[in-house]
1. Let me know the shape class of the range 1-118, please: from the alpha-carbon gyration tensor, a ≥ b ≥ c as square roots of the eigenvalues, rounded when a/c is under 1.5, otherwise prolate if a/b is greater than b/c, or oblate.
2. Based on alpha-carbon positions alone, could you give the equivalent ellipsoid semi-axes of the chain from the gyration tensor, as √(5λ), descending, whole Å?
3. What size of dipole, in debye to the nearest 20, comes out for the range 77-234 about its Cα centre when the only charges are +1 on Lys and Arg C-beta atoms and -1 on Asp and Glu C-beta atoms?
4. Add -39500 (n - 2.57) for each DSSP H run of 4 or more in the chain, then divide by its residues: what number comes out at 222 nm, to the nearest 500 deg cm²/dmol?
5. With a 10 Å Cβ neighbour count serving as the proxy for reagent exposure, in which order, fewest first, do 136, 232 appear?
6. Pull up the DSSP beta bridges for the chain and report the antiparallel fraction as a percent, rounded to 5.
7. Highest first, please rank the peptides 121-129, 20-28, 91-99, 167-175 by the mean number of other Cβ atoms sitting within 10 Å of their residues.
8. Putting +1 on Lys and Arg Cβ atoms and -1 on Asp and Glu Cβ atoms, find which of 186, 199, 224 reaches farthest to the positive end of the dipole of the range 177-232.
Amino acid sequence: MVAISGGCFMMGSPPSEQGRDSDEQQHRVCVKDFKIGKYEVTNAQYRAFKPSHNSGDYEGHSLNGDQQPVVNVGWKEAYAYTKWLEQQTGKKYRLPTEAEWEYAARAGTTTARYWGNNPDQACKYANVHDLTSKRRFSDFTWTHHDCDDGYTVTAPVGRFKPNAFGLYDMLGNVWEFTCSDYNNPYNGDEKVCSNSGSSHALRGGSWNSRPRYVRAADSDYNVVPNDSEGFRVAGEGP
C-alpha cells in the first residue's frame, strides 16, 4: 500500500482533450489522506481468498498466471475480497472512490495521462492495445497505440514505469473497479462509496483498450465480469 496525501484537484478533462467523453466535465474535488495498492490485485492474492478462481485465457493466451492481475471477477467479488482482507489483517480495506482513483492516477499531473498527452508513449508506462495485440488478434480493428509493449494480454503487475506516486499500472493492464456509483454527469457520487448500486465506475482502461480509454479522466461501467476488469484495494490514511 502507498500512502497518498490528500488534496484538491480538477477532476475530469478539459473540452480540448482528445478522446474526451461527455461524462468528464471538469470540477474541483478534494480528497482526504488515503492509501491505495501499489499494484493491482494478482491472481495469487485473490486465490488466497478464493482458491478455486481461474482467470481463464483469451484465445489461448493465459490470464491466470500468479502475478497477472485477477480478471473475470465482478464488483461484488472485489468488494468481498476487501472484507476478507480486513478479517485477515485487522486493518480496514475497501475499493477506492472514483475521485481517489483519479487523484492517485494523475499523481499531480494535469495531462491526459500521467506521462503526458501523447498516447503513443504508452508502452513505457502501460499495457494497452498496441502493435503486439494488433498483430496477434485480427478482430482488434479499433485504434491502437503506435508502440509495442511486448504483451499480448495482461502483463504481470509492475512491469512498466510507475507514476509519480509510485503506483504501477494505473492506466492499462485491467480496468479497475471503484466503490463509487457511475453517474453521467457527476453528482457527488464520485466522492463516496456505495455498496448497493448496480453499476460502479471503472477506471484506467486495459490491455485491449484504444487510446481514448487510456486516460486519467475516462470513466466507464460494466455489470458482467470479463477478461479486462480487475481491481486494486484502498484504505484510510495516513
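1. oblate
2. Semi-axis lengths for the chain are 24, 23, 16 Å.
3. Charge dipole of the range 77-234: 400 debye, to the nearest 20.
4. Using -39500 (n - 2.57) per qualifying helix, the result is -4500 deg cm²/dmol.
5. 136, 232
6. 90 percent
7. Per-residue mean Cβ counts within 10 Å order the peptides as 167-175, 121-129, 91-99, 20-28.
8. Going by the charge dipole, the pick is 186.
Every number in this text was worked out from the coordinates using simple rules, so none of it is lab data. On a predicted model such as this, the values are computed, not experimentally measured, just so you know. Neighbour counts run over all protein chains shown; Cβ positions are idealised from the backbone, glycine included.
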